[in-house]
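Undergrad: The structure that follows is given in the form of structure tokens.
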Amino acid sequence: MTRYALTRLGLLVLGLVVASALIFVSLRVLPGDVAQLVGGTQASPDQVAALRESLGLNIPLWQQYVEWIGGLFRGDLGTSLLTGTPVVTELVAKAQVTLPLAAMSLIVALVVGIPFGVLSALGRRHAGGTALSVGAQALAAVPVVWAGMMLVVVFAVWLGWLPPQGFPRAGWNDPGAAFRALILPAVTIGVVEGAMLLRFVRSATLQAIGQDYVRTAAAKGLTRTRALLRHGLPNVGLSIITVLGLQIAGIIVGAVVIEQLFTLPGVGRMLVADVAARDLPKVQGELLAVTGFVLVVGFVVDLLHRLIDPRQREAS
Amino acid sequence: MLRRTALATSALLIGALLLTSCTASSNDPAPSGEADPNATLTVRLSLEPSNLDIRHTSGAALEQALIDNVYQGLVTRDGDQNNEIVPALATEWTVSPDGLTYSFTLRQGVTFHDGSALTADDVVTSLQTAKDDATIQNSADLANVASISSPDASTVVLTLAKPNIDFLFALTGRAGLIFKNGDTTALQTAENGTGPFRVETWNTGQSLTLSRYDGYWGERAGVAQVVLDYIPDQSAATNAAVSGDVDVALEIDPELQSQIEGTGNFTIESGLTTDKGILAFNNQRAPLSDQRVREALRLAVDHNALAETLITAQPLNGPIPPLDPGYEDLTGSISYNPDRARELLAEAGADNLSLTLTIPNVYPGTLTTFLVSAYADVGVKLQVKQVDFSTWLTDVYTNHDYDLSFVRHVEARDFGNWADPTYYFGFDNAEVQSLYAQSLATTDAQQSSDLLAEAAQIVDDQDAADWLFLSAPRAAVGTNVANFPKNSLNVRLPLAGVTVASE
């Protein structure tokens with residue numbers, strides 16, 4: 001197990017290195033630069049050149065990369081060209097919106113996906129189960145943006161229960177308001193992701209119902225449902241963990257979109273603004289942090305798998 | 001499209017519901033409530049600055065938020081009085097008859113937000129630095145300044161190398177802002193200005209909060225706090241207004257306007273701007289170097305219909321907008337005539353013409369859809385290439401690599417771009433250049449304005465570009481808000497005089 005964990009950790013680091021190089025190179029392919037944007041439509045080429053120099057943009061690319069990687073080992077993601085503040089500081093500030101949002105979305109997705117997925121599989125021959133399944137299919141196809149707008153119209157504009165947009169200026173110093181501001185965005189992401197999860201849970205459950213061990217348990221006198229819950233679901237649970245790992249990536253992507261719609265000052269909105277402003281040191285730091293987060297989730301999922309499933313442990 | 005209609009319908013329905021619920025439950029909004037000096041004014045804006053360093057960073061969002069509110073120059077402009085130049089840190093000024101020497105009398109009792117008093121030395125060094133340091137925005141505006149000096153503690157004298165009638169106006173811009181000499185404030189995230197407000201907090205990606213500066217030299221601001229709420233999404237902005245999160249919402253989407261009006265808490269206002277929607281032709285590149293082609297492209301567009309389609313626009317009949325000197329209504333110089341356009345294209349041998357329109361992706365699709373179909377009607381295939389603004393700056397602005405381009409030119413008094421053959425328009429006309437130079441060199445405002453009008457007529461006759469429209473953005477101003485400014489709000493938003501009535 002330790003050997004497996006170490007190998008897996010090695011892969012994680014390798015993944016980060018590859019990601020860092022990819023991020024760095026792909027951003028340099030983008031046309032336009034921050035000096036030009038800072039200069040604007042009234043700046044002469046000489047002025048833009050002077051700006052470029054003052055921003056330190058005329059350093060060779062390989063040197064910029066080496067400096068960036070060197071900083072990473074000291075936990076320094078670089079400095080924003082535009083605001084001069086460390087990227088880490090800004091990331092930490094924005095993560096206070098995005099991480100709670102992602103966590104709340106995940107909870108909503110779990111609440112929607114797992115119980116209703118099992119119910120829909122058990123009731124597959126009843127109208128209710130079919131309706132659930134069809135409903136989930138439709139929900140999973142809904143664009144997050146549209147779902148968000150609909151929720152806003154109903155719960156914010158119409159009923160006035162929740163704020164339609166924005167985050168309290170006091171942030172988490174006003175925990176009630178901050179929590180309320182995240183409810184609609186989290187439900188938006190969570191319902192759409194939960195619908196996808198529901199469909200997965202349903203098919204995994206259906207598969208488990210047909211397994212020999214469930215049939216055996218049923219033959220021994222358990223009802224079909226109890227046999228499924230006792231023996232089938234633990235096996236389903238394993239594959240759900242894997243899917244959840246993938247869904248966390250989906251939630252992060254959803255957060256980028258939803259933060260725009262709800263004007264939430266999170267990592268996603270910052271990222272979009274920084275790409276537009278060509279603040280590349282900041283963008284690469286943010287992208288690496290997000291990539292790192294997803295890779296770490298994958299790492300944890302793999303380890304959990306090992307821990308839970310005795311068959312995989314014996315195989316190694 | 002279907003989705004949009006569905007949404008609009010439900011929005012209307014909900015608007016109606018809100019209206020009924022409002023009248024049923026709450027009291028009527030007080031028509032003339034007492035101005036509350038402790039009030040907070042919340043204003044929705046769409047475009048957020050990328051940092052607060054107004055000296056080094058471009059973008060209208062910075063000027064909108066900071067000039068007149070936080071930073072001041074010797075003079076400023078009154079957008080609601082046709083951009084008239086009015087005193088700010090200078091109480092008065094004289095211009096020598098030859099138009100070369102400008103003497104400013106400094107206002108007494110001015111302090112920076114850190115408490116220190118404004119001195120003549122601060123003014124001299126601010127302007128000198130702006131002139132010498134090319135990385136300072138609009139530094140070129142001061143290139144013509146030969147010397148800056150301060151003969152006594154309350155006077156600053158600027159001498160020009162040659163007369164420039166736009167010089168005072170240039171001083172109302174960024175290059176003319178006054179900073180404390182030797183200031184060590186980190187201007188990217190903080191400030192130290194002389195205006196009626198100071199920057200309280202900046203939540204990036206969210207809002208900028210200004211608070212009243214009690215040591216202000218002039219009349220104290222009418223509200224204790226201003227929150228500039230940056231909400232780029234139009235429906236989020238509408239929701240914010242409908243649910244009472246903001247007192248004023250600028251640049252509202254006319255399609256969503258009825259929802260805001262339905263609350264009964266806002267009046268919709270529309271002011272003038274110098275925000276010109278210009279369809280640039282690459283005058284240096286064939287076939288657009290052929291005037292017949294340029295004229296044909298202008299004749300193919302029904303400008304009145306376009307303005308109606310865009311709603312927050314009016315026809316702009318010439319290169320100079322109504323708020324600027326030299327404005328003349330050149331309606332009739334070109335009027336919609338697709339038949340004539342086809343003839344001209346045939347004459348120019350430009351049948352089956354295919355052109356690319358390079359346009360930043362921030363503009364609504366209505367405009368490009370309109371142009372594509374207008375041009376298709378005269379046999380020109382228009383390909384639309386949407387790019388982000390940074391790419392636009394490189395490809396179009398710097399490298400001049402485009403056929404047609406569209407951006408909104410928000411600056412006031414920027415006619416000089418037509419007299420500069422190296423500008424991305426690539427329009428090179430000796431007569432226009434000469435007239436423009438003369439218009440700057442004269443010391444007589446009327447004469448200058450006449451010369452500009454003459455030059456503008458030539459630019460128009462030569463079909464240097466197509467002035468598609470003048471922006472007329474709409475603002476939803478709360479009925480509890482008084483004295484909100486009207487004109488040029490996309491570049492200047494002086495909020496000191498605004499008051500908010502108590503509930």
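Just so you know, all these numbers are worked out from the coordinates, no wet-lab data involved. Given the structure is predicted, the values throughout are model-derived calculations rather than measurements. Cβ atoms come from the backbone with ideal geometry, glycine included; neighbour counts cover every protein chain shown.
Undergrad: Determine the sum of side-chain charges near A:Val29: Lys and Arg each +1, Asp and Glu each -1, restricted to other residues whose C-beta is under 15 angstrom from that of A:Val29.
TA: -1
Undergrad: While we're here: What FRET efficiency comes out for the pair A:Ile69/B:Thr94, r = Cβ-Cβ distance, R0 = 56 Å, nearest 0.05? Intermediate values should be presented prior to the final figure.
TA: Numbers: r = 61 Å, r/R0 = 1.08.
Efficiency at R0 = 56 Å is approximately 0.40.
Undergrad: Work out Dmax and Rg for chain A from the C-alpha atoms and quote the Rg first, both in angstrom.
TA: Values for chain A (Cα only, Rg and Dmax): 23.9, 86 Å.
Undergrad: Can you give me the long-range amide H partners of B:Val407? Hydrogens built in the peptide plane at 1.01 Å from N, cutoff under 5 Å, separation of 5 or more residues or another chain.
TA: B:Ile278, B:Ala280
Undergrad: Semi-axes of the equivalent ellipsoid of the protein assembly as shown: what are they in whole Å, largest first, if each equals the square root of 5 times a C-alpha gyration tensor eigenvalue?
TA: Ellipsoid half-lengths, sorted descending, are 53, 31, 29 Å.
Undergrad: At q = 0.11, 0.18 Å⁻¹, what log₁₀ I(q)/I(0) does a Debye calculation on the Cα points of region B:276-471 give, no solvent, two decimals?
TA: Once normalised to I(0) and log-transformed, intensities are -0.47, -1.30.
Undergrad: Where in chain A are the DSSP H helices whose C-alpha atoms run 27 Å or more along the long axis and whose mean Kyte hydropathy is at least -0.5? Can you show the working numbers first?
TA: Values: long enough: A:2-29 (41 Å, 1.62); A:87-122 (49 Å, 1.86); A:175-209 (45 Å, 1.21); A:233-261 (39 Å, 1.79); A:280-308 (41 Å, 1.46).
Result, helices passing both filters: A:2-29, A:87-122, A:175-209, A:233-261, A:280-308.
Undergrad: Return the single residue from A:His231, A:His126, A:His305 with maximal mean-square fluctuation; model: Gaussian network over chain A, springs between Cα atoms under 10 Å.
TA: Ranking A:His231, A:His126, A:His305 by mean-square fluctuation puts A:His126 first.
Undergrad: Pairs of alpha-carbon atoms within less than 8 angstrom and 6+ residues apart define the contacts here; what relative contact order does region B:276-471 have, in percent?
TA: Relative contact order here is 37 percent.
Undergrad: Go through A:206-216, B:461-471, B:133-143, B:378-388 and give me the packing order, highest mean Cβ count within 10 Å leading.
TA: B:461-471, B:133-143, B:378-388, A:206-216
Undergrad: Report the label-to-label distance for A:Ser239 and B:Asn38 in nanometres (one decimal), using points 7 Å from each Cα along the Cα→Cβ vector.
TA: 6.4 nm
Undergrad: Translational diffusion coefficient of region A:1-83 at 4 °C, 1.567 mPa s, Stokes-Einstein with Kirkwood Rh over Cα pairs, in µm²/s as a whole number.
TA: Working: Rh = 15.3 Å.
Using the Kirkwood radius from Cα pairs, D works out to 85 µm²/s.
Undergrad: Additional query: Out of A:Pro115, A:Gly166, A:Ala102, whose Cα points farthest toward the positive end of the dipole of chain A (charges: +1 Lys, Arg; -1 Asp, Glu; placed on Cβ)?
TA: Farthest along the dipole direction, towards plus: A:Pro115.
Undergrad: May I pose another question? What distance in nm lies between label points placed 7 Å from Cα along the C-beta direction at B:Asn181 and B:Val372?
TA: 5.9 nm
Undergrad: Using a 10 angstrom cutoff on alpha carbons, build the Gaussian network for chain A and name the most mobile of A:Lys94, A:Lys282, A:Lys220.
TA: A:Lys220
Undergrad: With a 10 Å radius around each residue's Cβ, average the other Cβ atoms per peptide and rank B:289-300, B:263-274, A:66-77, A:48-59, highest first. Provide the component values of the computation, followed by the final result.
TA: Working: B:289-300: 21.6, B:263-274: 18.5, A:66-77: 13.5, A:48-59: 16.2.
Order by mean packing, descending: B:289-300, B:263-274, A:48-59, A:66-77.
Undergrad: Roughly how many nanometres apart are two label points built 7 Å out from the Cα toward the Cβ at A:Trp62 and A:Trp158?
TA: Simple spin-label model gives 6.2 nm for this pair.
Undergrad: Now a separate question. Return the Rg/Rh value of chain B, two decimal places, where both radii are evaluated on C-alpha atoms and Rh is the Kirkwood radius.
TA: Taking Rh as the inverse mean 1/r over Cα pairs, Rg/Rh reads 0.99.
Undergrad: How many partner chain Cβ atoms sit within 10 Å of a residue's Cβ in peptide B:202-214, on average, as a whole number?
TA: 4
Undergrad: When the helices in chain B are scored as -39500 (n - 2.57) per DSSP H run of 4 or longer and the sum is shared across all residues, what 222 nm value do you end up with, to the nearest 500 deg cm²/dmol?
TA: -8000 deg cm²/dmol
Undergrad: Given Cα pairs under 8 Å that are at least 6 residues apart, what percent is the relative contact order of chain B?
TA: 22 percent
Undergrad: If you don't mind, another one. To the nearest whole number, what is the average tally of beta carbon atoms from other chains within 10 Å of the beta carbons of peptide A:157-166? Walk me through the numbers on the way to the answer.
TA: Numbers: counts 12, 6, 0, 5, 0, 1, 4, 10, 12, 11.
So the per-residue partner count for this stretch is 6.
Undergrad: Nearest 0.05, what FRET efficiency do B:Ala346 and B:Glu255 give at R0 = 51 Å with Cβ-Cβ as r? Don't skip to the end; give the middle numbers.
TA: Details: r = 39 Å, r/R0 = 0.77.
About 0.85, to the nearest 0.05.
Undergrad: Can you give me the Kirkwood hydrodynamic radius for region B:71-178, using every pair of distinct Cα atoms, in Å to one decimal?
TA: Every distinct Cα pair counted, the radius reaches 13.9 Å.
Undergrad: Let me ask you something else. Have a look at region A:54-155 and give its Rg and Dmax from the Cα atoms, expressed in angstrom.
TA: 23.2, 70
Undergrad: Of the peptides B:204-211, B:147-154, B:481-488, how do they stack up when ordered by the mean number of other Cβ atoms within 10 Å, highest first?
TA: Listed from highest to lowest mean packing, they are B:204-211, B:481-488, B:147-154.
Undergrad: Averaged over its residues, how many other protein chain Cβ atoms are within 10 Å of peptide B:255-267's Cβ atoms?
TA: Taking the mean over all residues of the peptide, I get 0.
Undergrad: Net charge around A:Leu280, counting only other residues with Cβ within less than 9 Å of its Cβ (Lys, Arg = +1; Asp, Glu = -1)?
TA: 0
Undergrad: Still on this model: So if R0 is 56 Å, what FRET efficiency would B:Ile85 and B:Asp401 give, r being the distance between their Cβ atoms, rounded to the nearest 0.05?
TA: The calculated FRET efficiency here is 0.90.
Undergrad: Within the set of other residues whose C-beta is less than 13 Å from the C-beta of B:Phe179, count the net charge using Lys and Arg as +1 and Asp and Glu as -1.
TA: -4
Undergrad: With contacts defined as alpha carbon pairs under 8 Å and 6 or more residues apart, what's the relative contact order of chain A in percent?
TA: 27 percent
Undergrad: Further question on the same structure: How are the C-alpha pair distances of region A:147-284 spread across 5 Å bins, as whole percents from the shortest bin up?
TA: Once binned at 5 Å, the Cα pair distances of region A:147-284 give 2, 9, 14, 13, 13, 11, 10, 9, 7, 6, 4, 2, 1, 0.
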